[in-house]
Amino acid sequence: MISIRSAKEIGYIRESCQIVAEVLREIKGYVYDDISTEEIDHFIENFIRRRRALPAFKGYHGFPAASCISINEEVVHGIPGKRKLKKGDVVSIDIGVLKNGYYGDSALTLVVESSTSKNMNLVRTTEKALEFGIREARSGNHISDISAAIQKFVESQRCSVVRDLVGHGIGTQLHEEPQIPNYGKPGQGALIENGMVLAIEPMVNAGSYHVKTLADGWTVCTVDQEASAHFEHTVAIVNNEPHILTQSV
């Protein structure tokens, strides 16, 4: 069942989302050569707790950190640790927040100080794909209209969309219905309605869309070892239009 949220509920979700937006804005200046992913994660967790909120990912099905930090060929769910970033790395950071019983979720991808034109194109393509997907998140459209818009743009840029992972509804649970694939034909799936809250999140590979999960049980990587990027916003449908709750203000 897809939850339809009241204006009051959307307000609570927005509060969590704004904390996510704040920490992602701050983290842009905190990703640099020779910093460890563990240090970045500690910054994120402290930032969230200072806002009297909880890092939603920590402990979720046993996940050990406050954020997912995925580097280069890692697509999503990278576990922060001792590894240090280096110039040219493609770094995806995914953060969730829980406050007042409601969740917010967002992700972005950065490059460390410098990168190849191929990696820069990958990051720009993924961020733009998110924009195309969000435009379709309006009343009367179908969920797959979001999916199709993302796929069409990504493939026009000679990249591929990950097919084994999806976006999702969000609210009183971190992951709710509906699932939102990043590929598919338009006009399929549930109709989008006012009050829906959706976490739209294209995951895009420079090479093949095939992925695998590492032995840690969490980290998802590209099979061909090509780089991957990830962007995500939490979006509420209000007055028939998409409103980005995780937009920095």
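The values are calculated or read from the model by the stated rules, or taken from the named source; none is laboratory data. For clarity, every value in this text was computed on a predicted model and none was experimentally measured. All Cβ positions, even for glycine, are placed from backbone atoms using ideal geometry, and neighbour counts span all protein chains on display.
None of S16, S36 is surrounded by 14 or more Cβ atoms within 10 Å (Cβ to Cβ), among the small types (G, A, S), touching a strand residue (DSSP E or B) at 6+ places or on another chain (Cβ under 7 Å) and more than 20 Å from Q173 (Cβ to Cβ) except S36. Just one of V223, V211, V238 is β-branched (V, I, T), in contact with a Lys or Arg (Cβ under 6 Å, 6 or more places away or on another chain) and over 20 Å from L110 (Cβ atoms); which is it? Answer to the check: V223.
Listed by first and then second residue, the pairs linking a residue in segment 169-185 that is under 15 Å from I200 (Cβ atoms) and touching a residue at least 60 places away in the same chain (Cβ under 8 Å) to a residue that is among the polar types (S, T, N, Q) and part of a strand (DSSP E or B), with Cβ atoms under 9 Å apart and 6 or more places separating them unless they lie on different chains, are G169/Q179; I170/T234. Quick one: would you say R158 is at positive phi and not in a strand (DSSP E or B)? So R158 fits the description; yes.
Restrict the check to segment 126-146 and report whether at least one residue is over 24 Å from L245 (Cβ atoms) and hydrophobic (A, V, I, L, M, F, W, C). No, the conditions are met nowhere in segment 126-146. Taken over segment 28-51, residues that are within 25 Å of G101 (Cβ to Cβ) and not aromatic (F, W, Y) amount to 8.
The set of residues in segment 81-130 that are touching a residue at least 60 places away in the same chain (Cβ under 8 Å), of a type in the set (D, E, K, R) and under 29 Å from E9 (Cα atoms) comprises D94, K99, D105, E127. When segment 175-210 is filtered for residues that are surrounded by fewer than 18 Cβ atoms within 10 Å (Cβ to Cβ) and among the hydrophobic types (A, V, I, L, M, F, W, C), the ones remaining, listed by number, are A190, L191. No other residue among E201, E176 is in contact with an Asp or Glu (Cβ under 8 Å, 6 or more places away or on another chain) and within 17 Å of I95 (Cα to Cα) apart from E201. Contact map, segment 41-56: first residue closer than 14 Å to L24 by Cα and at pLDDT 95 or above, second residue among the hydroxyl-bearing types (S, T, Y) and in a loop (DSSP other than H, G, I, E, B), Cβ cut-off under 9 Å, separation 6 or more or different chains; pairs are F43/Y30; I44/Y30.
Among the numbered conditions (1) within 20 Å of E15 (Cβ to Cβ); (2) in contact with a Cys (Cβ under 7 Å, 6 or more places away or on another chain), the only one that G78 does not meet is (1). Scanning segment 211-249 for residues that are polar (S, T, N, Q), surrounded by 22 or more Cβ atoms within 10 Å (Cβ to Cβ) and outside any strand (DSSP E or B) yields one hit, T246. Of the residues screened, G187 is not one that is modelled with pLDDT of 95 or more, in a loop (DSSP other than H, G, I, E, B) and either closer than 19 Å to E9 by Cβ or hydrophobic (A, V, I, L, M, F, W, C) (or both).
Would you point out the residue of segment 40-83, among those that are polar (S, T, N, Q) and surrounded by 22 or more Cβ atoms within 10 Å (Cβ to Cβ), that is farthest from A227 (Cα to Cα)? Filtering segment 40-83 for residues that are polar (S, T, N, Q) and surrounded by 22 or more Cβ atoms within 10 Å (Cβ to Cβ), the one farthest from A227 (Cα to Cα) comes out as S67.
Taken over segment 152-168, the residue count meeting the criterion of being more than 16 Å from the chain's Cα centre (by Cα), touching a residue at least 24 places away in the same chain (Cβ under 8 Å) and farther than 19 Å from V223 by Cα is 2.
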